[in-house]
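Participant: The structure under discussion is supplied below as structure tokens; questions concerning it will follow.
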Amino acid sequence: MRRWQKVLLAVDRRLGTGELPTRLELTVARHPVRTGVVCGIVLAVAFIWALSGFDDPGVLFQAALFGAGMGLFLWGAARLTRWQQAYDARTGRYEEARQAAAWKRAEPLSPGAVALRLLGVWVVMSGALWAIGSLDDPPWGLLWSAVFGALIVVVSFTAAWLKQKRSR
């Protein structure tokens, strides 16, 4: 085994979660080329849009290079993930994680913890909406940001509650 692979495995054993990979991680590992191409194109278009350079050939070339570089980087990361998942399957690490997951069940949060999380998300969303709104002319007020922040929090918590209720 190559030295860099041994180093990566040692780091993963030390810092890894020991959890099974998510569906997204499995999909990315199964399709590394598709992941690199799609992410590279999306990042290149976002780069062009951020610089408003749809009509400038220099910016288009920079965006193409940026997208190709990020696509190659993400392709490499996906290949590495694919290799690591294959290694974990060969060594039986997934079976250990499945057995450990059967014993670990998340306890529901207390009402105080739910209220604190709700308040924290509302504060962050209100602040983000207020910062975004200050760019508009005329700027959005703090009351507008607080109301829409509360609306986003209520919708997100309702969706999480419905998802949890359906999974039972």
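Participant: Of the residues LEU143, LEU119, which is surrounded by fewer than 14 Cβ atoms within 10 Å (Cβ to Cβ), over 30 Å from VAL28 (Cα atoms), modelled with pLDDT of 75 or more and more than 23 Å from the chain's Cα centre (by Cα)? Working first, answer last.
Facilitator: On the way: LEU119 fails: more than 23 Å from the chain's Cα centre (by Cα).
Of LEU143, LEU119, the one residue that is surrounded by fewer than 14 Cβ atoms within 10 Å (Cβ to Cβ), over 30 Å from VAL28 (Cα atoms), modelled with pLDDT of 75 or more and more than 23 Å from the chain's Cα centre (by Cα) is LEU143.
Participant: Pull out all pairs, ordered by first then second residue, where Cβ-Cβ is under 6 Å, the residues are six or more apart or on different chains, the first lies in region 66-80 and is open to solvent by 40 Å² or more (accessible area, probe 1.4 Å), and the second is of a type outside the set (Gly, Ala, Ser).
Facilitator: Hits for this filter: PHE66/PHE47; MET70/LEU43; LEU74/THR35; LEU74/CYS39; TRP75/PRO32; ARG79/PRO32.
Participant: Can you spot a residue in region 44-59 that is of a type outside the set (Val, Ile, Thr), more than 18 Å from the chain's Cα centre (by Cα) and at positive phi?
Facilitator: The answer is yes, given that some residue of region 44-59 is of a type outside the set (Val, Ile, Thr), more than 18 Å from the chain's Cα centre (by Cα) and at positive phi.
Participant: Quick one: in region 122-140, of everything that is more than 30 Å from PRO108 (Cα to Cα) and among the small types (Gly, Ala, Ser), which residue is least open to solvent (accessible area, probe 1.4 Å)?
Facilitator: Residue satisfying both the conditions and the ranking: GLY133.
Participant: Oh, and also: Show the residue pairs that are 6+ apart or on different chains and have beta-carbon atoms under 6 Å apart, the first residue being within region 139-168 and under 14 Å from VAL124 (Cα atoms), the second being open to solvent by 60 Å² or more (accessible area, probe 1.4 Å) and hydrophobic (A, V, I, L, M, F, W, C).
Facilitator: As it stands, the answer is LEU142/TRP130; SER145/TRP130; GLY149/TRP122; ALA150/TRP122; VAL153/TRP122, since those pairs meet every condition given.
Participant: Cβ-Cβ under 7 Å, sequence separation 6+ or interchain: first residue in region 28-42 and closer than 9 Å to ARG82 by Cα, partner at pLDDT below 90 and of a type outside the set (A, V, I, L, M, F, W, C). Which pairs?
Facilitator: VAL28/THR81; ALA29/THR81; ALA29/ARG82; ALA29/GLN85; PRO32/ARG82
Participant: At pLDDT below 80, surrounded by 12 or more Cβ atoms within 10 Å (Cβ to Cβ) and over 30 Å from VAL45 (Cα atoms), is that true of ALA150?
Facilitator: Judged against the criteria, ALA150 is not a match.
The values are calculated or read from the model by the stated rules, or taken from the named source; none is laboratory data. Not measured: the values here are computed from a predicted model. We place every Cβ from the backbone using ideal geometry, glycine too, and count neighbours over all the protein chains shown. Ligands, DNA and RNA are stripped out before the accessible areas are found, and what is left, the full protein with its side chains, is counted by its heavy atoms. Shrake-Rupley method; radii C 1.70, N 1.55, O 1.52, S 1.80 Å.
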